[in-house]
Amino acid sequence: MTTAHDARAPHDGAAANDQAAPHDGPAHEGLRAALAAAPVIAILRSTSATRFAEVTDTLRASGVRAAEFTLTTPGVLDALREYAADAPPGLALGAGTVTTPAEAQAAVEAGATYLITPTTSAEVIAEAVRLGVPVLPGAYTPTEILTAWRAGATMVKLFPAATGGPEYLRAIRAPLPGIPLVPTGGIGAADAPAYLAAGATALGIGSPLVGDACEGGSLAALADRAAAFLDGIGR
């Protein structure tokens, strides 16, 4: 499996496809370490962020090391700020559905250590670079993926992944082998091994993993799902 570390090289514009991650730092290494331990980003999206802390704690106790608090959830910045103030070591705490530079800045000020976007937004990528945090822009086509990478993406979120499946990921990686890709959208536990075998650096997983836990569902059931998911990918 290709990792973000494998993809790093001097960024001078001369290498084939400009496939070099241009930005490094403590936050970047923290995210890479979390995904090396368990290659999954748990996506928390709900009608309320009141249970995000409990859900994140449960996921971490089960072995998941990266969580994404989505900005479309009411109250999410307060939840992010409160959780980040006493976040456990080894957890990569990010903000998702970031669509503007202002949102990027607000999320980082609240404690996000990385940013995820649904689109290839040059402005948001530039703001993340300015703030010194990893950014995973959403992209789907080869042109979008390469554009995001050249703009400064740490990794690229392949979204929506389920429309093409693992074979599309494999096809993309043939001409762009050095760009770390994180397929997201519609990936179930049964699909995860195939995406990783096709070369995914990590996977973004929402409802198939989190289920109804953010809405008051069983945390014990969440722990069971997380354990089963990690077992299924050999972690």
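Are there any pairs, at least 6 apart or on different chains, whose C-beta atoms fall under 6 Å, with the first in segment 31-55 and farther than 16 Å from ALA84 by Cα and in contact (Cβ under 8 Å) with a residue 40 or more places away in the chain and the second part of a helix (DSSP H, G or I) and open to solvent by 20 Å² or more (accessible area, probe 1.4 Å), and if so, which? From segment 31-55, the pairs are SER46/GLU215.
Which one of the conditions (1) without any contact (Cβ under 8 Å) to a residue 40 or more places away in the chain; (2) in a helix (DSSP H, G or I); (3) not hydrophobic (A, V, I, L, M, F, W, C) does PRO193 fail to meet, given that it meets all the rest? Every condition holds for PRO193 apart from (1). Take segment 130-142 and flag every residue that is under 16 Å from the mean Cα position of the chain (by Cα) and open to solvent by 50 Å² or more (accessible area, probe 1.4 Å). Within segment 130-142, just TYR140 meets the criteria.
Of all residues in segment 70-84, those that are β-branched (Val, Ile, Thr), buried (at least 20 other Cβ atoms within 10 Å of the Cβ) and not in a helix (DSSP H, G or I) total 2. When each of HIS23, HIS11, HIS5 is tested for being of a type outside the set (Gly, Ala, Ser), at pLDDT below 50 and assigned to a loop (DSSP other than H, G, I, E, B), the lone residue that passes is HIS11.
Sort out which residues of segment 224-235 are open to solvent by 30 Å² or more (accessible area, probe 1.4 Å), assigned to a helix (DSSP H, G or I) and touching a residue at least 12 places away in the same chain (Cβ under 8 Å), and write them in order of number. Those that are open to solvent by 30 Å² or more (accessible area, probe 1.4 Å), assigned to a helix (DSSP H, G or I) and touching a residue at least 12 places away in the same chain (Cβ under 8 Å): ARG225, ALA227, ALA228, GLY232.
Residue-by-condition table, conditions (1) small (Gly, Ala, Ser); (2) open to solvent by 50 Å² or more (accessible area, probe 1.4 Å); (3) within 24 Å of ALA194 (Cα to Cα); (4) not in a helix (DSSP H, G or I):
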site: ILE125; (1), (2), (3), (4): no, no, no, no
site: GLU144; (1), (2), (3), (4): no, yes, yes, no
site: ARG150; (1), (2), (3), (4): no, yes, no, no
site: ALA162; (1), (2), (3), (4): yes, yes, yes, no
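Please work out if GLU167 is of a type in the set (Asp, Glu) and touching a residue at least 40 places away in the same chain (Cβ under 8 Å). No, not satisfied. Within segment 34-69, the only residue that satisfies the criterion of being among the hydroxyl-bearing types (Ser, Thr, Tyr), touching a strand residue (DSSP E or B) at 6+ places or on another chain (Cβ under 9 Å) and part of a helix (DSSP H, G or I) is THR56. Applying the criterion of being in contact with an Asp or Glu (Cβ under 8 Å, 6 or more places away or on another chain) and surrounded by fewer than 24 Cβ atoms within 10 Å (Cβ to Cβ) to the residues of segment 176-217, the residue that is farthest from THR119 (Cα to Cα) is ALA198. Summed over segment 85-118, the residues that are assigned to a loop (DSSP other than H, G, I, E, B), touching a Pro at 6+ places or on another chain (Cβ under 8 Å) and either open to solvent by 10 Å² or more (accessible area, probe 1.4 Å) or of a type outside the set (Val, Ile, Thr) (or both) give a count of 3.
The values are calculated or read from the model by the stated rules, or taken from the named source; none is laboratory data. This one's a predicted model, so the numbers in the text were calculated from it and none came from an experiment. Virtual Cβ from ideal backbone geometry, glycine too; neighbours counted across all protein chains shown. For accessibility, only protein heavy atoms count, side chains too; no ligands or nucleic acids. Shrake-Rupley method; radii C 1.70, N 1.55, O 1.52, S 1.80 Å.
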